[in-house]
1. Considering only SER266, LEU612, TYR26, whose Cα is most displaced toward the positive end of the charge dipole of the chain, charges sitting on Cβ of Lys, Arg (+1) and Asp, Glu (-1)?
2. Taking a cut-off of 20 Å between Cα atoms, list the lysines near LYS575, but don't count ones fewer than 8 places away on the same chain.
3. Quick one: Karplus J couplings for segment 187-197, per residue in order, coefficients 6.51, -1.76, 1.60, θ = phi - 60°, nearest Hz, x for Gly and Pro?
4. What Kirkwood radius, in Å to one decimal, follows from the Cα pairs of segment 114-257?
5. What number, in nm² with one decimal, is the all-direction average of the projected area of the convex hull of the alpha-carbon atoms of segment 358-490?
6. Using Cα centres only, tell me the gap between segment 332-393 and segment 74-104 in whole Å.
7. Compute the distance from the alpha-carbon center of segment 436-515 to that of segment 583-631, in whole Å.
8. Enter the accessible area per residue of segment 39-164 (Å², integer; probe 1.4 Å; all protein chains in place).
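The values are calculated or read from the model by the stated rules, or taken from the named source; none is laboratory data. Here the structure is a predicted model, which is why all the values come from computation and not from measurement. Here the Cβ positions follow ideal geometry from the backbone for every residue, glycine too, while neighbour counts run over all protein chains shown. Protein only, heavy atoms only, side chains kept; ligands, DNA and RNA dropped before computing areas. Shrake-Rupley method; radii C 1.70, N 1.55, O 1.52, S 1.80 Å.
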Amino acid sequence: MKVLFLTLSAMAAFGQIPVFAPPSTYITNGSSVTGPSTYWSVAADFNGDGRPDLAAPDNRVADNIFGFSMVMSAPGGGFGALTSFPIGFYVNSMRAADFNNDGRTDMLFSGGTATAIVLGNGSGTFSAPIHISLPVVPGAGGNCVTADLNRDGSQDILVPGSSGMAVALGNGNGTFRPAVLYPTPLASVYVLTGDFNNDGNLDAIVNVNSVSQANMFLGNGDGTFQPSFPILAVPFGAQAGDFNNDGKLDLMMQTAQPRQDGSNFSIAIALGTGTGQFLQYSNYVFPNQFTALTAADFNQDSRLDVAFYYPATGTLRVLGGRGDGTFGPAIFEAPIANGPFASLVTDIDGNGSPDLVMAAYPQFHVFRNTRGNPPLLAQLTLAPPSVIGGAADSSATVTLGGAAPAGGIAVTLASSDPAASFPTGTIVTIPAGASSATFPIRTAAVAALTSATISATAGGITQTARLDIVAGFVLTGLTLNPSSQYGIFTSTGTATLNGPAASSTIVNLISSNSALASVPAGVTVPAGSTSVNFPVTLNPVAADTFVTITATFEGVSKTAALTILSPRDSVSISKSLYTTKDFQIRVEAAGTNATATVTVHNAATGALIGTLRNAGGGKFDGGFTVNLGPAPRITLKSSLGGTATAAVTVK
């Protein structure tokens, strides 16, 4: 079994344009104890308005209503209040399809005691349940599937249960032919359909309550199946998809197998051979549990990605598929309140891109995909995000998840504070064929730091960004610490403003003697900060030397004096022995001042190795573990300015 480890850092690189817009959150009318289930498993148009509604089986034992729950989509986006529909028996699994070919969406239900359909009236209401006699008792934790197995244009049903898989072919009028039993060695709770041997017929994989295997039933294309044969394990919730783009269906499941490194949660992929058999699972291991695993081509690059909720960080994560059965870094990540336990992929807005519904109690979160036609508003950025009010303007860019259609896309702008306004108007249009548009933001003078929220809205999506508008400020101070220092060390300069800085606030620096005391040409004060530090790199001098450092901003200059001290003592290396097999170095040294502190440095990099022990009488020694490379050299530095460099004896 192949095992790949995905660390958190490996999933930190995201694309520049977000795959999803900020989520919309909807509160249901129940809690984890008293409310109906909102683990949405079906998205379909139940009331004929052309928009997908959401439905879920009420499979909570504590509050079972013996039915299902539904929310209808609302005009302009969003969903209405939750409504529950009793049907008289415990419902564990449900599917949507048109069983009587009247163009209206019906429902199939399976539970611990029964299987039934309800016919849709096209208005979000349904007929009384029509029970279907099956030669199995449906599994209490099982599922049901609907598909056109015999290509007659009518929906058929497959239900796993007590002795195998029951198949009932539909007549196209809401009734079914007598069900046929396809036995399995053990009770079954999960069935998965797809063309697994690439012959154009639908096949069925049936879980047999075994951790080691499932049964494969190859379809004949007429609604019947060949005798089964065993394949690898296919647990409840496994999904089929072509993860390596070879035209053959593969399998994906979530596992929790203990491993020696302590991790036990993984995404497992079994590549299909196109014969009905599969290679062994490859595991992509995570250090913590995850839930709500699902797959789709979310970024529309013709490769399947995976999405899941990661409780360790409280975020939805989407890993980009590489198209070879493996996954790369995260292409999207966003926090979710009240972590979900179920996910559903559907096209909420009908723009051709897969959206995500992440469901939990007592709310669910809808992530609309910014890709698609038309694309959605994906991003709002400011450059710079902090400016001096009245003295400088900012520029904003709105970006879509793809190219705008004919006629372009109009974006409505708003500001939370009058100190930030839009001189070209509150509407900016992203032209047809373009994916972004840029507009100016004018600022007014403010007495203190003011944060304005800039909003951009289009297609029911609002993106926001914060613009910091700062009061005018000047350079008020420059200090050096220490103001006298030996030339073998450095000093730290601090430039100070009288108020918070805007973005790109650069203070220019100059030294009166850059050969002895060098400084950067300029240093940027972070937006919102009132000061910034910078290094002053010194060189040894034979006599105490006075230099000045000057800082300049907007015509105002400040200076500070620095004395570079000559050495007050001297040090020498009496012994240095380096053992390469264990990277141990032993150093002995002597100095002219018995009270000094002597440190050891890597002469090649300047990195500190350690501080020598003061052995008294001007003697110093110490041992350290360090990798000094093939030609080691060390430098000693005394706290009184003395220094010595020498090659190390290698053993």
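1. The Cα lying farthest towards the positive end belongs to LEU612.
2. Excluding near neighbours in sequence, the set is LYS619, LYS637, LYS651.
3. With coefficients 6.51, -1.76 and 1.60, one gets 4, 10, 10, 8, 10, 9, 10, x, 8, 8, 10 Hz.
4. Across segment 114-257, the inverse of the average 1/r is 15.8 Å.
5. Spelled out: convex hull of the Cα atoms, projected over all directions, averaged, 14.6 nm².
6. Each part reduced to its Cα centre gives a spacing of 26 Å.
7. Each part reduced to its Cα centre gives a spacing of 41 Å.
8. 35 Å²
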